[in-house]
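Visitor: Below are the structure tokens for one structure; questions will follow.
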Amino acid sequence: MTPDPSEWRKSQFRPLPEWVEGPTTRLVHGARRPDRNAGSVTYPIYQTSTFRFPAAHSEAVDGPYHYSRNSNPTVEGPAELLRQLEGGEVARLFASGMGAISATVLSLLRTGDEVVALQDLYGGTGGLLADLLPRYGVRVRTLSDGEARSPEAHVRPGTRLALLETPTNPTLRVHDIARWATACDVVGAHLVVDNTFATALNQRPLALGADVVVQSATKYLGGHSDLTAGVVVGPAALLARIDPFDRFGATLDPFAAFLLQRSLGTLALRVARQNENGRRVVEALHRHPAVTRVCYPGSGSPEEEGIAARQMSGRGGMLAISLAGGARAVDAFLHGLRLVQVAASLGGVESLASVPRLTSHRLLSDEARHARGIDDGLVRISLGIEDPDDLVRDLTRALDGIG
Ligand SMILES: Cc1ncc(COP(=O)(O)O)c(C=O)c1O
């Protein structure tokens, strides 16, 4: 009898001893499989689109792998690590964060459904909700930051899905995942949380009651600004409806999957340093006279500080600052940076700065931008793993030079 291919694939991972507790140990050893050919310590890259059938007759097509759009051994390693890290039943990898988010949203909704989401979402996700879903007869209601503070007033019977991003991009507002989960449970809506900024090392949405967690693995999980990937983690019954392979085709390539698994081994070390760099840089920039506002998880209000303290074990390496001199000051500041590079994206080992007004939120009107706290002087900073003193020196020298 042919074995069930998905059971066979799962059985290839060597189980961890039951006394293993630490997330770093899990991320290094949690997806180990013997390489029976050469004994390679890292798992090989199966850079193939197709796999030979065990025998040339139609009953033998039930081998473990057929075609890489459906499954590929290299892609299964990082998926297994992320499943364990997020604490879900099933994890699926996609070609990008947007691939993961769009497959999730399109799979869980049908014509006539309603979605409730933050106004304050990553621009790509906001565009998907505003432009694409209405074409399929899905109603989308977006909530201001103030409205999103009381989800029970806005998630109502008929709401099928709620989409939350916390901390938000780029102003680092923090929302109460457990409170949103309760409001969704009352009306039977699915709560989907984008955990890209925090990662499961700083915040565990599934443990707080979310149904599904989505993430751009291009950012902290990949961590080296050299791959694009996305992940969805959740219960088997829901994930069976979010099948990336047959319908959406946004499969992760084996080479990117290999890079992702390489990166996950150091995720905990990188995130710990990025948390530390966040604390140190925020402390220094708060005091600088050129800075009128520092956005950092918990800085939005005392209520948000309480939420962040409860639901985040670390605040991450993302922040945004507003400069008193507006757009002109932003220009001078960016020109003064020597280590921090000016580029979009985030979560890599190298620090990056970007101007949301000109990048992720450029398509919004001035009014809509200002309503989201994105003023002309706002600069978003993704801190890498450089030494904190060097980062503080680079950023404060550039601020001193604004003139
Ligand atoms: C919070 C958040 N979610 C999702 C995405 C989309 O991810 P990707 O660029 O991998 O498609 C991004 C990208 O910047 C993001 O910042």
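The values are calculated or read from the model by the stated rules, or taken from the named source; none is laboratory data. All values reported here derive from a predicted model rather than from experimental measurement. Here the Cβ is made from the backbone with ideal geometry for all residues, glycine too, and neighbour counts use every protein chain on show. Ligands, DNA and RNA are stripped out before the accessible areas are found, and what is left, the full protein with its side chains, is counted by its heavy atoms. Shrake-Rupley method; radii C 1.70, N 1.55, O 1.52, S 1.80 Å.
Visitor: Hey, can you tell me all the residues within the stretch 369-381 that are on the phi < 0 side of the Ramachandran plot and touching a residue at least 60 places away in the same chain (Cβ under 8 Å)?
Guide: Ala371, Arg372, Ile374, Gly377, Leu378, Arg380, Ile381
Visitor: Within the stretch 170-185, is even one residue in contact with a strand residue (DSSP E or B) (Cβ under 8 Å, 6 or more places away or on another chain), buried (at least 24 other Cβ atoms within 10 Å of the Cβ), modelled with pLDDT under 95 and part of a loop (DSSP other than H, G, I, E, B)?
Guide: Yes, there is a match, as at least one residue in the stretch 170-185 is in contact with a strand residue (DSSP E or B) (Cβ under 8 Å, 6 or more places away or on another chain), buried (at least 24 other Cβ atoms within 10 Å of the Cβ), modelled with pLDDT under 95 and part of a loop (DSSP other than H, G, I, E, B).
Visitor: Now for a separate question. Within the set of pairs 6+ apart or on separate chains, which have a first residue in the stretch 345-368 that is in a strand (DSSP E or B), a second that is open to solvent by less than 30 Å² (accessible area, probe 1.4 Å), and C-beta atoms under 6 Å apart?
Guide: If the second residue must be open to solvent by less than 30 Å² (accessible area, probe 1.4 Å), the pairs left are Leu352/Ser382; Ala353/Val340; Ala353/Val379; Ala353/Ile381; Ser354/Arg380.
Visitor: Quick check on this structure: which one of Ser322, Ser351, Ser382, Ser301 is surrounded by 21 or more Cβ atoms within 10 Å (Cβ to Cβ), within 30 Å of Pro205 (Cβ to Cβ), over 19 Å from the mean Cα position of the chain (by Cα) and of a type outside the set (A, V, I, L, M)?
Guide: Ser322
Visitor: What residue, of Ala250, Ala207, is assigned to a loop (DSSP other than H, G, I, E, B), within 25 Å of Gly298 (Cβ to Cβ) and either among the aliphatic types (A, V, I, L, M) or more than 11 Å from the ligand (Cβ to nearest atom) (or both)?
Guide: Only one candidate passes the filter, namely Ala207.
Visitor: Pull out all pairs, ordered by first then second residue, where Cβ-Cβ is under 7 Å, the residues are six or more apart or on different chains, the first lies in the stretch 259-286 and is more than 29 Å from Pro44 (Cα to Cα), and the second is open to solvent by 20 Å² or more (accessible area, probe 1.4 Å) and among the aromatic types (Phe, Trp, Tyr).
Guide: Sorted first by the residue in the stretch 259-286, then by its partner, the pairs are Gly278/Tyr296; Val282/Tyr296.
Visitor: While we're here: Let me confirm something: among Leu201, Leu121, Leu163, which residue is within 24 Å of Gly99 (Cα to Cα), surrounded by 19 or more Cβ atoms within 10 Å (Cβ to Cβ), near the ligand (Cβ under 10 Å from one of its atoms) and not assigned by TED's automatic domain parsing to the domain that holds Ile385? Give the steps one after another, and end with the answer.
Guide: Numbers: Leu201 fails: near the ligand (Cβ under 10 Å from one of its atoms); Leu163 fails: near the ligand (Cβ under 10 Å from one of its atoms).
That would be Leu121, the only listed residue that is within 24 Å of Gly99 (Cα to Cα), surrounded by 19 or more Cβ atoms within 10 Å (Cβ to Cβ), near the ligand (Cβ under 10 Å from one of its atoms) and not assigned by TED's automatic domain parsing to the domain that holds Ile385.
Visitor: Report every pair of residues separated by at least 6 positions or lying on different chains whose Cβ atoms are under 8 Å apart, first residue within the stretch 291-319 and on the phi > 0 side of the Ramachandran plot, second at pLDDT 95 or above and basic (Lys, Arg).
Guide: Gly298/Arg315
Visitor: If you go through the stretch 13-33, how many residues are closer than 23 Å to Tyr65 by Cα and either within 24 Å of the chain's Cα centre (by Cα) or open to solvent by 50 Å² or more (accessible area, probe 1.4 Å) (or both)?
Guide: Start the filter on the stretch 13-33 by keeping residues that are closer than 23 Å to Tyr65 by Cα, which leaves 13-15, 30-33.
If we keep only those that are either within 24 Å of the chain's Cα centre (by Cα) or open to solvent by 50 Å² or more (accessible area, probe 1.4 Å) (or both) too, we end up with 14-15, 30-32.
Number satisfying all stated conditions: 5.
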